[in-house]
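Presented below is the structure to which this report refers.
Just so you know, all these numbers are worked out from the coordinates, no wet-lab data involved. Predicted model, so just to flag it, every value in this text is computed and none were measured. When we count neighbours, we look across all protein chains shown, and the Cβ atoms used for this are built from the backbone with ideal geometry, even at glycine.
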Amino acid sequence: MNSMKTIKNLAIIAFFATTFIACSNDDDPIPVNEEELITTVTATLVPQGGGTTITLVNKDLDGDGPNLPETTVSGNFATNTSYTGTLSILNETVSPADNITLEIKEEDKDHQFFFSFTNSIATATYGDVDGDGNPVGLEFNLETSASGSGNFTITLRHEPNKLGSGVSSGDIANAGGETDVQVTFGITVE
């Protein structure tokens with residue numbers, strides 16, 4: 001009788017051990033959509049109808065480190081002029097540089113750029129949309145006004161509420177989501 005109890009107990013132990021092993025599979029990868037490191041934002045603005053292309057570059061190779069970002073503006077904008085803009089987003093801490101622009105295009109429903117200006121020196125409208133017809137902002141149009149100086153800020157939001165009030169027209173107030181990168185350029189329109 002003792003051997004029957006032993007066999008029965010071993011069977012119960014084997015059953016529970018198999019159950020716990022079957023329920024716990026540490027080999028299954030947990031999908032994680034990690035934010036990419038963004039070190040460099042480049043905006044290239046080509047005047048419609050001809051003129052000088054303006055390039056804005058913000059490089060922050062040490063991220064949150066002690067060094068300030070390097071910001072360059074190749075020239076002044078012309079007054080009352082329409083520019084076609086494109087953005088390039090890179091991680092230059094690796095070689096070759098990681099082109100984050102491609103990842104934003106692949107995950108366009110989860111990303112949106114926002115553009116703001118001080119002193120009413122310009123306005124921006126979207127030139128591209130995601131698969132649902134909502135704006136992305138890797139391509140945009142910039143319209144300058146009369147002469148003046150001010151700041152041009154580009155903000156990339158991850159998982160914004162693209163259906164929020166005003167978000168599709170570029171109002172960041174109701175966008176929510178997390179800021180992946182925000183850069184500001186001092187620009188002059190003359």
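Run the dipole for the range 40-189 about the Cα centre, Lys and Arg Cβ at +1, Asp and Glu Cβ at -1, nothing else charged, and hand back the magnitude in debye, nearest 20. Please list the in-between numbers first.
Details: 5 positive and 20 negative charges, 133 e Å.
Computed about the Cα centre, the dipole is about 640 debye.
For Leu61, enumerate residues with amide H under 5 Å from its amide H, sequence gap 5+ or separate chain, H modeled in the peptide plane.
Glu70
What aspartates and glutamates sit close enough to Lys162 to cross-link, taking a C-alpha to C-alpha distance under 12 Å and skipping anything fewer than 8 places away on the same chain?
Hits, sequence-local ones excluded: Asp108, Asp110, Asp130, Asp132, Asp171.
Amide H neighbours of Gly176 under 5 Å, counting only residues 5+ apart in sequence or on other chains, H built in-plane at 1.01 Å?
Residues meeting the criterion, in which the H sits 1.01 Å from N, are Asn161.
Toward the positive end of the charge dipole of the range 40-189, about the Cα centre and with charges on Cβ (Lys, Arg +1; Asp, Glu -1), which of Ser147, Val73, Ile104 goes farthest?
Ser147
Show the residues, 5+ positions off or on another chain, whose built amide H is closer than 5 Å to the amide H of His111.
Glu159
If you add up the charges near Asn80, with Lys and Arg at +1 and Asp and Glu at -1, over every other residue whose beta carbon is less than 13 angstrom from its beta carbon, what do you get? Let's see the in-between values first.
Details: positive: none; negative: Glu143, Glu190.
That works out to -2.
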